[in-house]
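So the structure is just underneath, and the comments pick up after that.
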Amino acid sequence: MSAEELPPRESMEFDVVIVGAGPSGLSAAIRLKQLNADLNVVVVEKGSEVGAHILSGAVIDPVGLDKLIPDWREDADCPLKTQVKDDRFFWTTATSAIRLPNFMMPPLMDNHHCYIGSLGDVCRWLAPKAEALGVEIYPGFAAAEVLYDDNGAVRGIATGDMGIARDGSHKDSYTRGMELLGKYTLFAEGARGSLSKQLIAKYSLDAKSEPSKFGIGLKEVWEIDPAKHQKGLIQHSFGWPLNNSTGGGSFLYHYDDNKVAVGFVVHLNYDDPYLSPFDEFQRFKTHPAIRTVFEGGKRISYGARAITEGGYQSVPRLSFPGGALIGCAAGFVNVPRIKGVHNAMGSGMLAAEHVAAALGAGRAGDELVEYENAWRDSTVGKDLHRVRNVKPLWSKFGTIIGVALGGFDMWCNTLGFSLFGTQSHAKPDRKTLDAAKTHTPIAYPKPDGKLSFDKLSSVFLSNTNHEEDQPVHLKVADMNLQKTSEHDVYAGPSNRYCPAGVYEWVEEAAGPRFQINAQNCVHCKTCDVKDPNGNITWVPPEGGGGPNYQGM
Ligand SMILES: Cc1cc2nc3c(=O)[nH]c(=O)nc-3n(C[C@H](O)[C@H](O)[C@H](O)COP(=O)(O)OP(=O)(O)OC[C@H]3O[C@@H](n4cnc5c(N)ncnc54)[C@H](O)[C@@H]3O)c2cc1C
Ligand code: SF4
């Protein structure tokens, strides 16, 4: 059936359509209803339930939550139960972990007022609060298309059609997507949002900003031996197993009943095509100072997600006719703190306030320039401005000197000045890979099945599930380029940067074949960022597919 022959889509009209039920989308929805209970607000979420696709550390700065739900601490159902008690930073070599004294850290790095927990569970707790205020939430529906009016303004989104077979034919279960039309549409898709990326290109929202930057964050949740659990202890490290020219580091958070969240972030501007972030993470857990925490424990979940790292100078223009970007769709992570939840919530509330004011003034479908003009002077802008040079200095000077300079610059910014101005990020992450011939393949240790694991048993713990008979949602624009460049020049880095074993080069008599095991995809979006030619585009699969994270 051609596009012209497709049955028409049904449509529903709202005041505000929100794409994504993460902290930014839910905060925007709740704030809109707090400001005006009569507004019609809808949220679509591609996960099978709210929280199913959420992955974060998470040590959460409560500054956002305090504004949204001031009495959250008195709510017995709130999943944030563990306040940070002990906050440690380490520099790791292969055999030792050297603790950096806390007094060296600028005050903004202090975490003692923060709470440890699962962001997915926080979203699961926020969603019914939004619904109680009258917000409609539709999990299991991916926003697959932006809808524009005749003047080029966003007028809403369409959810994806369901029941399309892998070959494009329509199955008996075929159902047309829905059009959700809004006076304003807020895009809260998180890091590397698929529609947000299209909007950034269409309206040249990044014309005056630095390239966006990302890391890949891998995370596991463990239940550990109660005797080793130190509720409220958080640790961050940098150094081994990464070399000095590869940015990244670990986090390890003790919370709730014997739970430990352990994760590893690798900056996606790494240059070695043989590097495997997944295997670096597995290796990290075998460090003598780390392995003892997990020995005798049980790994209960695994996942991965891109994290935005461009910060202040990479934030694109946030507003365009008919809508705006909020949260990590724009990129509000404070990189040295590895914290974006408070700013996702802050930007969601800020946008909501400007949307409510515009609707109150009888406006619709125009550009929310007031939101764009307001964010830099808001708490979100101020939070990012102070740390704006940490990532570019790290990238430019390597870990040892770059982190020290970044720390120095954060101290200066705390005192109100900077010797570095605003540093540039130079190039996008996909352009930083070297040709494979300039590097040697890395022999990673085999997983022992106790502390370190392989990808497939890990993906199993993410409860990832996709309808198998559907079009592949990883779109390779030019398969020949994939062979001549990704395979021949870069030795197939997709096999290593993908944390879920989706990509494989199968060597056959007729030549290498690029195999895409799309059903394993955990929606981290790394391929969309790191393919050296920008040749892979992630699009939403059928709604409800993907990971089913619990407690991430
Ligand atoms: C490994 C890691 C560790 C982190 N640790 C911390 C930490 O300790 N503290 C902290 O504050 N921050 C941390 N962050 C950052 C923090 O998680 C993000 O800043 C925050 O989640 C951003 O919120 P968001 O609402 O913008 O996006 P997200 O949390 O990514 O939520 C986006 C939602 O939109 C949905 N969605 C996306 N596209 C569509 C679509 N087209 N249709 C329908 N639904 C869609 C997604 O399924 C998801 O539910 C970490 C991030 C990572 C990756
Ligand atoms: S296919 Fe892409 S989005 Fe999916 S898990 Fe692999 S790198 Fe992440």
Seminar exercise, completed: Counting only DSSP beta bridges fully inside region 1-142, the antiparallel percentage to nearest 5 is 50 percent
For this session: Give the accessible surface of region 299-431 per residue, rounded to a whole number of Å², with probe radius 1.4 Å and ligands, DNA and RNA excluded.
Result: 34 Å²
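First obtain the Kirkwood hydrodynamic radius of region 1-72 from its Cα pairs, then insert it into the Stokes-Einstein equation at 20 °C and 1.002 mPa s, and state the resulting D in µm² per second as a whole number.
After rounding, the answer is 144 µm²/s.
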Seminar exercise, completed: Relative contact order of the chain (C-alpha contacts under 8 Å, at least 6 apart) in percent is 20 percent
Exercise. Around residue 544, with a cut-off of 11 angstrom between Cβ atoms, what is the net charge of the other residues, counting Lys and Arg +1 and Asp and Glu -1?
Worked result: -3
Problem set entry | Fraction of accessible area attributable to carbon and sulfur, region 260-335 (%, probe 1.4 Å) | 50 percent
Problem set entry | Whole-Å distance, taken between Cα centres, linking region 275-341 and region 160-205 | 24 Å
Seminar exercise, completed: Expressed in square angstrom to the nearest 10, the accessible area of residue 478 with a 1.4 Å probe stands at 70 Å²
For this session: Just the number, please: carbon plus sulfur as a percent of the accessible area of region 409-484, 1.4 Å probe, no ligands or DNA/RNA counted.
Result: 57 percent
Exercise. Just how many % of Cα pairs in the chain lie over 42 Å apart, if you round to the nearest whole percent?
Worked result: 15 percent
Seminar exercise, completed: Expressed as a percent, the accessible surface of region 1-95 that is carbon or sulfur, using a 1.4 Å probe and the full set of protein chains, is 48 percent
For this session: Just check region 434-489 against the gyration tensor rule for me: Cα atoms, a ≥ b ≥ c as the square roots of the eigenvalues, rounded for a/c under 1.5, and otherwise prolate or oblate depending on whether a/b exceeds b/c.
Result: oblate
Exercise. At a probe radius of 1.4 Å, what is the per-residue accessible area of residue 401, in Å² to the nearest 10?
Worked result: 100 Å²
Problem set entry | Cα centroid separation, region 434-462 to region 374-425 (Å) | 33 Å
For this session: Could you let me know the centre-to-centre spacing of region 17-73 and region 82-104, using Cα atoms, in angstrom?
Result: 32 Å
Problem set entry | Mean Cβ neighbour count within 10 Å, used as a protection proxy, ranking 431-442, 466-477 highest first | 466-477, 431-442
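Could you tell me whether region 127-172 comes out rounded, prolate or oblate from its Cα gyration tensor? Rule is a ≥ b ≥ c as square roots of the eigenvalues, rounded for a/c under 1.5, then prolate if a/b exceeds b/c, otherwise oblate.
In terms of gyration-tensor shape, oblate.
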Seminar exercise, completed: The base-10 log of I(q)/I(0) that the Debye equation returns for region 127-230 at q = 0.19, 0.22 Å⁻¹, one scatterer per C-alpha, is -1.14, -1.24
Problem set entry | Compactness relative to 2.2 N^0.38 Å, alpha carbon Rg of region 205-354 | 1.20
Seminar exercise, completed: note: region 408-466, Cα-Cα separations exceeding 17 Å make up a percent value of 72 percent
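Antiparallel as a % of all DSSP beta bridges within the chain, to the nearest 5?
Values: 63 of 90 bridges.
Of the beta bridges lying entirely in the chain, close to 70 percent run antiparallel.
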Problem set entry | Exposure of residue 372 as accessible area (Å², to 10), given a probe of 1.4 Å and all protein chains | 20 Å²
For this session: Within the set of other residues whose C-beta is less than 11 Å from the C-beta of residue 158, count the net charge using Lys and Arg as +1 and Asp and Glu as -1.
Result: -1
For this session: Let me know the Rg and Dmax you get for region 1-142 when you use only its Cα atoms, in Å.
Result: 20.2, 67
Exercise. Relative contact order for region 184-338 using alpha-carbon pairs under 8 Å, separation at least 6, rounded to a whole percent?
Worked result: 39 percent
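The values are calculated or read from the model by the stated rules, or taken from the named source; none is laboratory data. All figures in this text were calculated on a predicted structure; none of them were measured in a lab. Positions of Cβ are backbone-derived with ideal geometry, glycine not excepted, and every protein chain shown enters the neighbour counts. Surface areas here come from the heavy atoms of the whole protein model, side chains and all, with no ligands, DNA or RNA. Shrake-Rupley method; radii C 1.70, N 1.55, O 1.52, S 1.80 Å.
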